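Worksheet: the structure to be examined is printed underneath.
The values are calculated or read from the model by the stated rules, or taken from the named source; none is laboratory data. These figures come from a predicted structure and were not determined experimentally. Here Cβ is always computed from backbone atoms with ideal geometry, including for glycine, and neighbour counts include all displayed protein chains. Areas reflect the complete protein model, heavy atoms only, side chains present, ligands, DNA and RNA absent. Shrake-Rupley method; radii C 1.70, N 1.55, O 1.52, S 1.80 Å.
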Amino acid sequence: MNLPPELIVYLRSSTRVAVLTGAGISQESGLRTFREARDGLWTQYKPEDLASREAFAQNPKLVWDWYAMRREKVRGVLPNPGHYALAELERRIPTFTLITQNVDGLHLKAGSANIIELHGNLQRVKCSECGRATVEWVETEGSVPICLVCGGLLRPDVVWFGESLPRAALETAVLACRECEIFFSIGTSGLVQPAASLAYAARNRGAKLVEINAEQTSLTEKVDFALQGKSGEILPALLSAAW
Ligand code: APR
């Protein structure tokens, strides 16, 4: 794989790196990206019709079951070489921040530590009334589990369409992007805000932009290095070329 030599040199000498990942980095683990066709029972629904407060209010059990299916699907899925390469990169770069739009928890499974989960995590739920988050709950056949504190319905602890991102997570992500020397956009179509603006927060402070994506996006023409292909192949190659 021919990688730009100047990128290798720059990466090796960098001390502050920020990375934004999207569904594309988990595609080689067998998880469909967000905008690929959906399979099986759920093809009749668009994610936008299930991942929203309105959908949950209208039919909590349907939404709960969709996320239970996705949680079950992710349980047996393993990280791929792209996730592992980012975990290794974190060990080599003094200040490394991994910002992900994914809720599949694969970066954690791969050993990454400094992770900002912009859109939440499938393995966590929270109360739709008092907001209390937990990774343990009592499943009740045929109905949506309830909060042990206030009795409200539990819901997935993910950011739904129309909801704002967790403020602390977003602020930390923006700060990391403003301070980094290299910003990587990996496996994301860059269609959803505010995650899609992070690249510009980095560029406006003079960071080099690198995109690793299977197809062109609206960011491609604005980056310093556009590496088109599979992140599970490009990231390990980048790492072995630099160290
Ligand atoms: N390697 C690199 N890129 C890949 C790979 C791969 N193996 N496979 C797919 N891609 C690219 C696709 O070309 C696409 O541009 O990953 C991108 C995935 O884009 P989306 O499916 O739009 O996913 P994402 O960008 O993560 O969506 C962002 O939108 O719906 C919301 O909250 C949801 O977090 C999601 C957000």
- Of those in region 191-238 that are among the charged types (D, E, K, R) and within 11 Å of the ligand (Cβ to nearest atom), the residue most open to solvent (accessible area, probe 1.4 Å) is Glu215
- Item | Looking only at region 121-146, and only at residues there that are surrounded by 19 or more Cβ atoms within 10 Å (Cβ to Cβ) and at pLDDT below 95, the one that is nearest to Leu165 (Cα to Cα) | Asn121
- When region 192-221 is checked residue by residue, the ones that are within 15 Å of the chain's Cα centre (by Cα) and in contact (Cβ under 8 Å) with a residue 40 or more places away in the chain are Val192, Ala195, Leu198, Ala199, Asn213
- Message: Looking at region 156-178 only, could you name the residues that are small (Gly, Ala, Ser) and either more than 15 Å from Asn121 (Cβ to Cβ) or buried (at least 19 other Cβ atoms within 10 Å of the Cβ) (or both)?
- Response: Gly162, Ser164, Ala173, Ala176
- Can you spot a residue in region 14-27 that is free of Cβ contacts under 8 Å to residues at least 40 places away in the same chain, hydrophobic (A, V, I, L, M, F, W, C) and open to solvent by 20 Å² or more (accessible area, probe 1.4 Å)? no
- Taking only region 166-189 into account, find how many residues are in contact with a helix residue (DSSP H, G or I) (Cβ under 7 Å, 6 or more places away or on another chain) and without any contact (Cβ under 8 Å) to a residue 40 or more places away in the chain. 2
